[in-house]
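Comments concern the structure below.
Each reported figure results from applying straightforward, stated rules to the coordinates on display, with no laboratory input. As the structure is a prediction and not an experimental result, all values here were calculated from the model. Cβ: placed from backbone, ideal geometry, glycine included. Neighbour counts: every protein chain shown.
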Amino acid sequence: MNNSIGKEIIRLRPIIEENFTHANWEEIGLITGGSDLISGHSRLFRSLSFGDEDYGSCVLAVLRRISESRPESLQEIQDYIDSTFTSIESTYISAKPSEKKITFAPNVFSIPQTEIHPNLVALMMPYDSDFDPVQKAIKEACIEAGKDCLRADNIWDEHTIIQDIFNLIYRSKIVIVDFSTKNPNVMYETGIAHTLGKIVIPVAQSVSDIPSDMKHHRALTYLNNAEGLNKMSSDLTTKLKNM
């Protein structure tokens, strides 16, 4: 395998890891002729289904097998990603510019006169003292990954809280949303983040708390105890660093 192919596999890995479902893999198999290579991997689909830590290495292994069989398959995979995710998936930033863009002028919010900060992470979660340990664990993960993390209640720049929230989401590159307890404000804020094209990382104490429209996204689930929060913080650090 030459160096350029290896670099392309490494570039594709986090995009696929973040976005692909079982069905996407099946479609890639049909497009590239690599169905047997995909289904024949002993861990790929299990790791995907259970969110196992070795899923990324499984993705690398399968991409390598496919490229060794047909080097042109990597370009076919990139074309598939561009056509499938660019227009609908806010957590994917395409290597190619989108052919279609929209311009909108909100009448509920004012557009901030500020730049987007690449290291700023916005945290959207229930404002409840029970979530203080969760907030601490998430902020520790951001610090470990070299990111700045803010929640809207850390800010008081505007006359209305919703404008402060919009400003924070607008300025951030990544938005972490905690769907635990199905908080309606978090749902609303997630919609804003998706519309603005932000990288959204969902977390939740239970998969059942995640809205049905979001269940195709891979979320970090956690137990709200010391051990569970430590694991969530560690997993989140890894995810942020990979981004």
Cβ-based exposure ranking for SER212, SER180, in which fewest neighbours within 10 Å come first: SER212, SER180
Reduced Cα scattering model of the stretch 117-242, Debye log10 I(q)/I(0), q = 0.09, 0.20, 0.22 Å⁻¹: -0.22, -1.18, -1.46
Where labels lie 7 Å past Cα in the beta-carbon direction, separation of SER39 and SER83 in nm: 2.2
Inter-part distance where the stretch 159-176 and the stretch 123-147 are each reduced to a Cα centre, Å: 16
Stretchable slack from LEU196 to ASP128, in nm (0.36 nm times residue separation minus alpha-carbon distance): 21.8 nm
Neighbour-count order for THR181, THR160, fewest beta carbons within 10 angstrom listed first: THR160, THR181
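List TYR222, TYR188 from most exposed to least, where exposure is judged by having the fewest other Cβ atoms within 10 Å.
On the way: TYR222 24, TYR188 12.
So the residues, fewest neighbours to most, are TYR188, TYR222.
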Cys residues of the chain counted as unpaired, since no other Cys beta-carbon is under 4.7 Å: CYS58
Linear extension gain, GLU72 paired with ILE116, 0.36 nm per residue minus alpha-carbon span: 12.2 nm
Simple label model, 7 Å out from Cα along Cβ direction - ILE10 to THR181, nm: 4.3
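Which entries of LYS139/LYS173; LYS7/LYS198; LYS7/LYS231 have Cα-Cα distances beyond 23 Å here?
Working: LYS139/LYS173 15 Å; LYS7/LYS198 25 Å; LYS7/LYS231 30 Å.
Too far apart for the 23 Å limit: LYS7/LYS198; LYS7/LYS231.
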Computed [θ] at 222 nm, deg cm²/dmol, the chain (DSSP H ≥ 4; -39,500 (n - 2.57); rounded to nearest 500): -15500 deg cm²/dmol
Gaussian network model of the chain, Cα within-10 Å springs - most flexible of PHE45, PHE166, PHE109: PHE109
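Could you tell me whether the chain comes out rounded, prolate or oblate from its Cα gyration tensor? Rule is a ≥ b ≥ c as square roots of the eigenvalues, rounded for a/c under 1.5, then prolate if a/b exceeds b/c, otherwise oblate.
Numbers: a/c = 2.15, a/b = 1.55, b/c = 1.39.
Cα axes put the chain in the prolate bin.
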